[in-house]
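FYI, it's all coordinate maths here, none of it is from the lab. Here the structure is a predicted model, which means the values were calculated and not measured. Glycine also receives a Cβ, built like all others from the backbone with ideal geometry; neighbour counts cover every protein chain displayed.
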Amino acid sequence: MHIINEKIPAWFPRDLINPFLYLISCSILVTGLFFIPFFDMYLQGHWWWLPWNIFLAWLPLFFALCLLWAVHGEQSRLIIITCWGLWLFFYPNAPYMLTDLIHLNRFEFVIGTQFSADPAVWFGFLHLVAGVAVGCGFGLLSLVMLQRYTERTRGAVWSWLLVAGTSLLSGIGIWIGRNLRFNSWDILFRPFHLLRNIASQFDRNAFLLCLLFTIMCAGAHLMVVSFNKEVKDERGIRN
């Protein structure tokens, strides 16, 4: 561990290196299973979109790291603003992955009064859940990093406004992606078509779904922050 710490860049949060390495390792494992014939027999081609979604969920973390690097290296304001924009642009792809669990309906978990004993069913279940957890983890880790950065530079109020605003945009983004079936690229290439669809389909149910997804995103972040604080406090007591 000492050798690893020596190789960590100065701008990388030291206490987040383990979660970062765990998430990277798990993402490689989840994605790599698709290329092993033995496991592909169990997956049966169900989740071929999963590696792409994991990649999209990784992008917020990538741009958060780029932002921390740019700030530490005193890069131009344009580069820093670009990193902020790209992070915010791709962030909803991470919590969006939680809704990928709806694809579990492809499996028959209960046959009659008994749970299925088919290994393919439970392997597919665990594989999808692991992929979703990794994708959501990438997003949460990036938000933790940038909240800390914002708290250091702007104060606690601005850091929590960042969390609230990001959660709200993510809630809306999840509804747009899952219910209207648009993606991030449509914001760039079909913005008016996207806005027309939002205006025509945003009703009471859409509002409630956006609110639900927003609470989900904010709640997940609060849980991670609280857990991280408890771990730090426990380490402080031990030391």
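Magnitude of the Cβ-charge dipole of region 13-238, K/R +1 and D/E -1, about the Cα centre, nearest 20 debye? If you can, show how the numbers build up before the last one.
Numbers: 15 positive and 12 negative charges, 121 e Å.
The dipole of region 13-238 has a size of about 580 debye.
Taking the beta-carbon count within 10 Å as an exposure proxy, list C66, C83 from fewest neighbours to most.
Placing the least packed residue first, the sequence is C66, C83.
Relative contact order of region 13-238: what whole-number percent is it, with Cα pairs under 8 angstrom and at least 6 residues apart?
Rounded, it is 22 percent for region 13-238.
Mind listing the phi-derived Karplus ³J(HN,Hα) values for region 204-219, rounded to whole Hz, using 6.51, -1.76 and 1.60 with θ = phi - 60°, and x for any glycine or proline?
4, 5, 5, 4, 5, 5, 4, 5, 4, 5, 5, 4, 4, 5, 5, x
Among I36, I187, I174, rank each residue by its count of other Cβ atoms within 10 Å, from fewest to most, as a rough exposure measure.
I36, I187, I174
Counting other beta carbons within 10 Å of each Cβ, put M97, M223, M216 in order, fewest first.
Going from sparsest to densest Cβ surroundings: M223, M216, M97.
How large is the helix-only mean residue ellipticity at 222 nm for the chain, computed as the sum of -39500 (n - 2.57) over DSSP H runs with n ≥ 4, divided by its residue count, in deg cm²/dmol to the nearest 500?
-25500 deg cm²/dmol
Can you give the local net charge around G173? Use residues other than it whose beta-carbon is closer than 14 angstrom to its beta-carbon, Lys and Arg +1, Asp and Glu -1.
Spelling it out: positives minus negatives among the neighbours equals +1.
Taking each pair of different alpha-carbon atoms in the chain once, compute 1/r for the pair, average those values, and report the inverse of that mean as the Kirkwood hydrodynamic radius in Å to one decimal.
This gives a value of 19.7 Å.
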